[in-house]
1. Considering only DSSP states other than H, G, I, E and B, which chymotrypsin sites (Phe, Trp or Tyr not before Pro) in the range 146-218 qualify as loop sites with at most 10 other Cβ atoms within 10 Å?
2. If exposed means no more than 12 neighbouring beta carbons inside 10 Å and the site is in a DSSP loop, what's the longest run of the chain without any exposed trypsin sites (Lys or Arg not before Pro)?
3. If I take all pairs of Cα atoms in the range 210-364, what percentage of them are more than 21 Å from each other?
4. Work through the residues other than Ala180 whose Cβ is under 13 Å from its Cβ and net out their charges, Lys, Arg +1 and Asp, Glu -1.
5. Quick one: net charge around Ala80, please, counting Lys, Arg +1 and Asp, Glu -1 for every other residue with C-beta under 13 Å from its C-beta.
6. Taking Cα atoms, how many degrees apart are the long axis of helix 241-250 and the longest axis of the chain, rounded to 10 and kept between 0 and 90?
7. With the contact rule set at Cα under 8 Å and sequence spacing of 6 or more, what percent relative contact order holds for the range 209-361?
8. If you average the alpha carbon positions of the range 67-129 and of the range 156-203, how far apart do those two centres end up, in angstrom?
Amino acid sequence: MKIAVIAHLKFPIGQPYLGGLEMHTHHLAGALRARGHRVTLFASEGSDPALVPNPVCPPTGDALGDPVACERIERAEHAAYERIMEAVAHGGFDIVHNNSLHDLPLRASHTLPVPMTTALHTPPFESLAEGVRAAKPGMIFAAVSPSLAQEWQALVPDARIIGNGIDLSTFTFSPFAEPAAYVFWSGRIVPEKGTHLAIDAARQAGMRLRFAGPKPNPRYWDEWIAPRLGKDVTYVGHLSHRELARQLGGARAAIVSPRWEEPFGLVVAEALACGTPVAAFGRGAIPDIVDRLSGALAPADDVVALARAIERAVTLDRRACRRRAEALYDADVMTDGYEELYREVLAGAPANSARTAVFERPAA
């Protein structure tokens, strides 16, 4: 098949990833190419050249609440998505996979001579919800978790649920934690990820903490994170996936501390794949991922309860964690799900809008 994948434009699609959506888009585009599909990834400049991306603009970045920057980003993204949709309309594609968080591709779906499907990666917000309302009637949507599908229920009553997947060959199983006992946190170091609460909970539990991730919000770092650093709390940088897997695999537990309703939680799946039990706030999709054999949950924002969850998590069986990741969060299973979705989309498409789909995997 010839597939157009439309990424969001805020950050490049490549390592080290700025977040879970960048990782997801990279895995999906790469896996589809490996299965013999011809994939054109429309993304920002700096994306992984191995994906042969079509770079449409410099990364637009995050406004961080600055109204001037927000207006500049809106103009840049609007113009870039207009160019993308023009290229898609004339590109001879069989299907379009919309992985952006922007309303314009949804609004423009009416004009395409090719069917589109859209994956929902965040809870509803105003501009995206308006785009969903304005999308071509009959568009099939996917949501990355049951909890996220529930949040979109009013606008998208029948979203297909396709869970995110990770590369299990990168996040390999570590049967034993490192002798130097520590717990680990990873993700974007921003208020909604609750890094400071993870630090406080690790201290409450009497555990050393290592944490990793990009620092896109300097004010949050300076006011909430830097004052908490010490001999028992170490920032190890923004890591490649192989180094992240090594740090995760050596930890006695992984802390996940979202302050919003997490749509999926790739960091949870990554930890389980390494055999590392999870202590987390039970928000959004996290209770869908973590069961009683692989982790312990705490009420939102409750540092004391999260510390108790850490104490329980470090006692759990690491092999049970790996088994859960293998059963539910393999990137190949995710790609199977999207191929099945494409079949469904094309089955309902007008005969003249797409060529016959071929989904067979190349021989090993």
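1. Answer in residue order: Phe176.
2. Here the longest run is 1-230.
3. The answer is 57 percent, as a whole percent.
4. With Lys, Arg at +1 and Asp, Glu at -1, the net is +2.
5. -1
6. Around 30 degrees separate the two axes.
7. 17
8. 29
Only the coordinates and a few stated rules stand behind these numbers; no lab work does. If you're wondering where the values come from, they're calculated on a predicted model, not measured in any experiment. Backbone-built Cβ (ideal geometry, glycine too); neighbour counts: all protein chains shown.
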